[in-house]
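Okay, structure first, notes after.
Nothing in this text is a laboratory measurement; each read-out follows from the coordinates by a stated rule. This is a predicted model, so every value here is computed, not measured. Cβ placement follows ideal geometry from the backbone for every residue including glycine, while neighbour counts extend to all protein chains displayed.
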Amino acid sequence: MVTTGTYGKRRYLDCESKLDLHLRLIFECALEFGWNLEAWAVFSNHYHFVAHKPEEAADLETFLGKLHSCSSREINRLDSVTGRKVWYRYYDTHLTFEKSYLARLNYVHTNPVKHGLVTNPRAYRWCSADWFFLQADRPFYETVCSFKTDQVNVVDDFD
């Protein structure tokens, strides 16, 4: 699981087009570097994703380096700014226990509710909740949704 915040927690992804841009770049970089996305949520000043790294995939630093470089360049271009630092740092957790993995999947899918943006996470289009509802096998979906997220230890102080 990866969490990344903007520099100074500033809301650089402050409109739909920037949220769309960053989410598209996450998908493109995941594909380019061989990562399999399983959950994602993008907000104005941070994002989360859960992904699986096949053995032959590029390392996380390479993946995020390209993602943050491209995202920063495009966000700064849209804001008519040059050289501004957009992304600050990332936090990653290697998920090795199944219960921890399932809880974090649910955490990411429901994160827009935690941040008070929607009451139903499926309504937030920069999150995987609707995709997961539509694509997951029903028993797996119900299992993931049954996991409580209030005890999940994730850096998420971006309000």
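For every helix of n ≥ 4 consecutive DSSP H residues, a contribution of -39,500 (n - 2.57) applies; sum these over the chain, divide by its total residues, and give [θ] at 222 nm rounded to the nearest 500 deg cm²/dmol. The per-residue figure over the chain is -14000 deg cm²/dmol.
Using C-alpha pairs below 8 Å separated by at least 6 residues, the relative contact order for segment 61-131 is 15 percent. Length gained on full extension, Val152 to Trp131: 5.3 nm, using 0.36 nm per residue less the C-alpha separation. Taken along the Cα-to-beta-carbon direction at a fixed 7 Å, the label points for Asn76 and Cys15 span 1.9 nm.
Each peptide among 124-131, 1-8 gets the average number of other Cβ atoms lying within 10 Å of its residues, and from highest to lowest they stand as 124-131, 1-8. Under a model in which nothing but the beta-carbon of Lys, Arg (+1) and Asp, Glu (-1) is charged, the chain shows a dipole of about 520 debye around its Cα centre.
About the centre of its Cα atoms, segment 36-111 shows a dipole size close to 380 debye [charges on the beta carbon of Lys, Arg (+1) and Asp, Glu (-1) only; nearest 20 debye]. Spatially, segment 59-93 and segment 105-148 are offset by 26 Å when compared through their Cα centroids. A dipole drawn for the chain from +1 and -1 charges on Cβ atoms has a positive end, and of Asn106, Tyr12, Val144 the residue lying farthest that way is Tyr12. Here segment 127-159 is scanned for amide nitrogen atoms under 17 Å from the site 7 Å beyond the Cα of Glu98 along Cα-to-Cβ, giving 137-148. For segment 2-145, the spread of Cα positions along the three principal axes, ordered from largest to smallest, is 48, 38, 23 Å. What is the extension gain from Tyr7 to Glu61, computed as 0.36 nm multiplied by their sequence separation minus the C-alpha to C-alpha distance, in nm to one decimal? Gain in length upon complete extension: 17.7 nm.
Here the 3J(HN,Hα) profile of segment 49-60, calculated from phi with Karplus coefficients 6.51, -1.76 and 1.60 at θ = phi - 60°, is 8, 10, 9, 9, 9, x, 4, 7, 6, 5, 6, 4 Hz, Gly and Pro shown as x. Note on Lys18: lysines with a C-alpha under 28 Å away, same-chain residues under 8 apart excluded, are Lys9, Lys53, Lys66, Lys85, Lys114.
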